Amino acid sequence: MIKKLLLGVLVLTIGVPSIAGAQKRDVVSKAVRADRDYWSSNRMRRARDMPLPRVSSARLSTLLGEDQGGTEESTISLPTGALQFSSSRLTPRSARTAFPYTTVGRLFFKSADGDFVCSASVISNRVILTAGHCVYDALRGRFHQKFAFVPGYYRGQFPRGVWLARRAVVTEEWKLSSEVLPNSADFGVLVLRDNEGRTIGQATGWLGFRTYSLIPNHVHLLGFPVNHDGGEELHQVTTGDSFCCFDGSAVYGSDMGPGSSGGPLIQNFGARARGQGPANGAPNRVVGVISYGPVESYAKFEGSSILNQSFLAIFETACAMAPGNCLNRGTFQRPKR
């Protein structure tokens, strides 16, 4: 493994350094084979859902007061227990096999504390997006290891395969955060290795993204929370009820818990109807990533950093690592048959 700081982002190279033609021929090092062998079905079942970082409503109220021009002692009442949303498993369950649901999966990794799992989404031909805390341990100053992405995961089934990471990138803001949340850039991206001659984007399609568009909006939150169906099925929340801003982040109503970290917040999710115009904005654009939840049991919300220049920096870093990593930047693409 090679770790380096590049243009304000932290990069991890997994396995051995790239050699000429390695991407094309899919040369697999011993380290990569070990990662592939590591993630047996049994180990995946035993992996723990990554705890959703918790932020108290009192802290958010104070941050909101400061954001709106107050002092450190200012607070604004935050009715986080009353944010409205709809929450359900996919209906029908077979919808998980259709785009754009195919772009979301479980992200398995090994940390210093054991095996864990987050959520993540595909945002370009070889690039997936998740939370920074699902990629980098900011307390210990080290990357997690042995990343494996399973798009379309369903009750131990891997219908679109298991995809290993080639490189990981996190923002400087998350690297220096000491895991204090909210954080203005709790983002991490992974460049995935090709699998049997196909890129992850060819297999699943990918979502677009839109910066500085988290608020105001109406979003789909997607993830694999352990408090719903044991994290074994993709879960969805739809909401337009939100509060902004807390150190460059905002919260939406949600009842998802651990395991949903890293899942996307998506505007205009789904397929446009014939005759439907573009008045409500571009479809299938990621505008945020699930970063934190509430301390209080009565509060129902999840927070996300606002996609910003720091997000663009890690995305462009990932894109520049090899030709073909990124296609149709910022716009969605359906899978190739």
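The values are calculated or read from the model by the stated rules, or taken from the named source; none is laboratory data. Everything numeric here is computed off the predicted structure, so don't read it as measured data. FYI the Cβ positions are ideal-geometry reconstructions off the backbone, even for glycines, and counts take in every protein chain you see.
Observations on the structure shown:
- Residue match in the stretch 74-85 (condition: farther than 27 Å from Gln157 by Cα, under 22 Å from the mean Cα position of the chain (by Cα) and either at pLDDT 75 or above or β-branched (Val, Ile, Thr) (or both)): yes
- Wholly within the stretch 143-199, strands (runs of 3 or more DSSP E) carrying at least 1 residues that are touching a residue at least 40 places away in the same chain (Cβ under 8 Å) and hydroxyl-bearing (Ser, Thr, Tyr): 163-171
- You will find that of Ile306, Ile314, the residue that is among the hydrophobic types (A, V, I, L, M, F, W, C), farther than 23 Å from Asn125 by Cβ and at pLDDT 95 or above is Ile306 and no other.
- Some residue of the stretch 316-328 being buried (at least 24 other Cβ atoms within 10 Å of the Cβ), of a type in the set (A, V, I, L, M, F, W, C), closer than 20 Å to Glu173 by Cβ and touching a Phe, Trp or Tyr at 6+ places or on another chain (Cβ under 8 Å): no
- Hits in the stretch 279-317 - residues which are in a loop (DSSP other than H, G, I, E, B), of a type in the set (A, V, I, L, M, F, W, C) and within 18 Å of the chain's Cα centre (by Cα): Leu307
- Considered as a group, the residues in the stretch 45-68 that are in contact with an Asp or Glu (Cβ under 8 Å, 6 or more places away or on another chain) and aliphatic (A, V, I, L, M) include one that is surrounded by the most Cβ atoms within 10 Å (Cβ to Cβ), and that residue is Leu52.
- Residue in the stretch 325-332 that is part of a loop (DSSP other than H, G, I, E, B), at pLDDT 95 or above and more than 27 Å from Leu83 (Cα to Cα) present: yes
- Residue satisfying all of: in the stretch 144-172; surrounded by 24 or more Cβ atoms within 10 Å (Cβ to Cβ) and of a type in the set (Phe, Trp, Tyr); nearest to the chain's Cα centre (by Cα) among these: Phe149
- Residue within the stretch 22-31 that is in a loop (DSSP other than H, G, I, E, B), among the aliphatic types (A, V, I, L, M) and modelled with pLDDT under 90 present: yes
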